[in-house]
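Have a look at the structure below before the remarks.
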């Protein structure tokens with residue numbers, strides 16, 4: 001028994017040392033560690049760190065059959081898309097990284113797209129969500145998100161129509177992602193026969209929503225759609241509770257998937273609907289729950305259902321493509337473009353730059369759990385009234 | 001519409017916002033008024049207060065309001081430390097006001113960046129928030145969340161205490177004297193250095209208290225402070241730089257403009273209205289709402 005144990009131990013040590021003897025695979029990325037978008041960055045950094053830790057614990061990254069340790073190289077792009085582009089160039093030319101992970105946010109992705117195109121360096125994107133991503137030349141960048149505004153509007157209208165909603169009060173932050181959503185949402189609501197009882201935009205530095213919420217209350221609408229960012233989602237929730245906004249369906253665009261949101265509102269956040277296409281509750285995605293558990297174990301908080309999931313997925317896609325094609329850019333490009341990847345969000349395949357499989361979806365907090373409630377094909381629970 | 005305008009709900013919202021603006025402006029005004037230091041790290045002191053309340057509540061489960069004296073003392077200590085390290089000698093040299101302002105702006109800019117990044121390094125930029133006094137209370141038709149009532153009550157208490165202190169105590173009068181005329185204050189025998197030391201401590205303490213109040217309703221991040229720095233400058237410029245009472249009035253005026261004019265027009269116009277009023281005040285009364293114009 002002891003002999004077998006020692007033999008097993010020796011084999012493990014040998015295998016591990018063989019892996020660590022290999023040169024590390026250098027993987028570079030930039031992130032908004034400071035500046036305007038720095039609040040969003042941790043949700044992505046934590047995903048990358050967890051992924052790298054898991055890969056290394058598993059003996060390293062499979063590079064076309066050879067296991068090599070992963071080394072992450074991170075720079076602060078100071079929330080500046082132009083700086084991100086410069087730093088990606090530095091990662092490619094000066095640091096000579098083997099692989100790239102994506103920065104945070106649409107403007108950064110769009111700027112970095114030019115760099116990866118110039119150097120023919122394939123990169124899987126993640127947290128970019130705009131119709132503008134379709135303008136990017138396909139070939140070196142891919143976007144696994146299905147949260148694109150021209151799909152969100154019609155899907156949200158379809159979900160609310162199915163729920164029997166006759167009218168909706170819409171409020172929207174004036175920042176680009178919210179306005180892009182507004183542009184597609186209002187026509188979609190009207191087309192679905194849902195009356196837009198109110199349509200007001202507000203500035204990002206709003207400090208009190210009482211006037212807006214009073215208007216919503218007086219509108220008598222069946223549903224509230226707040227195309228909000230995290231800070232105003234917090235403001236909305238706190239003050240909507242105060243004013244007794246009791247519409248059975250309340251949608252907040254960005255914010256409710258952040259762990260702090262539940263920290264701030266707990267059970268009061270139950271029933272809030274938000275944007276997102278991943279949940280550990282989806283049992284068909286066998287990697288989803290283990291990822292959730294590992295994340296909670298490492299960071300003692302829930303992952304961001306949108307950004308963390310997307311960042312982790314992008315690393316999984318890269319990992320599987322590298323296992324098949326190695327580090328050669330041409331082979332890797334072909335592997336990502338034509339491959340089928342098993343991720344925490346189920347199977348992902350690309351058509352051009354876009355995810356061709358995952359449908360645009362919505363989440364709802366129900367009894368402390370976050371469920372996919374739309375579309376029915378991947379829903380983990382039916383949409384409930386608040 | 002009229003029913004909405006005259007509702008208690010809007011009045012409550014405007015009062016809470018007004019108190020926050022006034023408290024935030026007050027801390028900045030004390031530092032600027034007495035020493036002409038442009039503290040653009042003011043919002044970051046608020047952020048530190050907010051983090052202190054968050055961690056206290058998260059780790060002990062006790063009321064974040066209990067941190068008020070601790071935060072006030074710690075923030076005051078920070079202010080005094082910065083004064084001793086960076087400003088005491090410079091102010092004693094009798095440098096021209098414009099030079100003091102310019103240098104302090106640069107120094108506080110550096111301090112702001114350092115504080116933000118130190119906090120981001122220590123606690124990451126992950127937004128934090130906690131639930132405290134989030135029950136809703138009703139007074140007639142007006143609904144009020146417990147934490148906003150607490151913020152209103154503490155804020156009013158701080159403002160009143162400060163007004164009484166500044167107008168009824170010898171030390172308060174010395175601070176006011178320094179605000180009014182530095183050289184005259186020195187000539188009549190006021191220990192300028194001691195008053196400055198106390199004033200910066202007091203200004204930072206009030207900022208820390210503002211942070212604790214904000215933490216109950218806002219998400220907390222290392223970079224949350226900057227918009228409040230801007231807000232505080234708008235308030236004290238409108239009220240008249242260094243004019244304590246003017247700053248408080250301006251804080252409330254700005255909040256009432258924000259709440260009521262937005263109700264009467266559109267939320268989309270919020271920034272245009274707030275900054276429009278600010279510019280209008282500067283054009284009509286460049287010396288501030290309550291200050292008298294100085295003649296050369």
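Derivation of every value follows stated rules applied to the coordinates shown; laboratory data play no part. Everything quoted here is computed from the prediction, not taken from an experiment. Heads up, the Cβs are rebuilt from the backbone with ideal geometry, glycines too, and the neighbour counts pull from every protein chain shown.
Numbers below:
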{"quantity": "Inter-chain Cβ neighbour average for residues B:6-15, partner chain, 10 Å", "calculated": "3"}
{"quantity": "Spherically averaged projected area of the stretch A:139-236 from its Cα convex hull (nm²)", "calculated": "7.2 nm²"}
{"quantity": "Length-normalised contact order for the stretch A:249-386 - Cα pairs under 8 Å, 6+ apart - percent", "calculated": "29 percent"}
{"quantity": "Pairwise centroid distance, computed over Cα atoms, of the stretch B:225-296 with the stretch A:262-311, Å", "calculated": "42 Å"}
{"quantity": "Relative packing of peptides B:218-227, A:288-297, B:161-170 - highest average C-beta neighbours within 10 Å first", "calculated": "B:218-227, A:288-297, B:161-170"}
{"quantity": "Per-selection Rg to Rh, the stretch A:192-344 - Cα, Kirkwood hydrodynamic radius", "calculated": "1.10"}
{"quantity": "Degrees separating the helix A:210-219 axis from the principal Cα axis of chain A, which is the longest one", "calculated": "60 degrees"}
{"quantity": "Listed peptides B:99-111, A:333-345, B:133-145 by packing density, highest first (mean Cβ within 10 Å)", "calculated": "A:333-345, B:99-111, B:133-145"}
{"quantity": "Per-residue mean of C-beta atoms belonging to partner chains within 10 Å, peptide B:213-222", "calculated": "4"}
{"quantity": "Separation of alpha-carbon centers, the stretch A:354-368 and the stretch B:66-120, rounded to whole Å", "calculated": "47 Å"}
{"quantity": "Average other protein chain Cβ within 10 Å of Cβ, residues A:210-223", "calculated": "4"}
{"quantity": "Per-selection Rg to Rh, the stretch B:170-296 - Cα, Kirkwood hydrodynamic radius", "calculated": "1.04"}
{"quantity": "Along each principal axis, Cα extent of the stretch B:1-62, largest first, Å", "calculated": "44, 39, 14"}
{"quantity": "Ratio of Rg to Rh over the stretch A:298-386 (Cα coordinates, Kirkwood Rh, two decimals)", "calculated": "1.06"}
{"quantity": "Estimated D of the stretch B:48-107 in µm² per second, where Rh is the Kirkwood radius over Cα pairs and Stokes-Einstein applies at 37 °C, 0.692 mPa s", "calculated": "241 µm²/s"}
{"quantity": "Highest average packing first - A:98-111, B:275-288, Cβ atoms within 10 Å", "calculated": "A:98-111, B:275-288"}
{"quantity": "Cα-based radius of gyration of the protein assembly as shown once divided by 2.2 N^0.38 Å, which approximates compact folds", "calculated": "1.05"}
{"quantity": "When the stretch B:181-240 is reduced to its Cα atoms, the Kirkwood hydrodynamic radius in Å", "calculated": "14.0 Å"}
{"quantity": "Between 0 and 90°, nearest 10: helix A:176-191 axis offset from chain A longest Cα axis", "calculated": "50 degrees"}
{"quantity": "Cα long-axis angle, helix A:41-57 against chain A (0 to 90 degrees, to the nearest 10)", "calculated": "30 degrees"}
{"quantity": "Gyration tensor (Cα) of the stretch A:206-296, equivalent ellipsoid semi-axes in angstrom", "calculated": "29, 14, 10"}
{"quantity": "Stokes-Einstein D in µm²/s, Kirkwood radius over Cα pairs - chain A at 37 °C with 0.692 mPa s viscosity", "calculated": "151 µm²/s"}
{"quantity": "Semi-axis lengths, Å, the stretch A:25-125, gyration tensor of Cα atoms, sqrt of 5 times eigenvalues", "calculated": "23, 17, 10"}
{"quantity": "Cα pair distances exceeding 17 angstrom across the stretch A:309-352, given as percent", "calculated": "24 percent"}
{"quantity": "C-alpha center-to-center spacing [the stretch A:86-144, the stretch B:166-211] in angstrom", "calculated": "55 Å"}
{"quantity": "Equivalent ellipsoid, the stretch B:23-222 (semi-axes from 5 times Cα gyration tensor eigenvalues, Å)", "calculated": "32, 21, 12"}
{"quantity": "Kirkwood-Stokes translational diffusion coefficient of the stretch A:96-163, alpha-carbon pairs, 4 °C, 1.567 mPa s, µm²/s", "calculated": "99 µm²/s"}
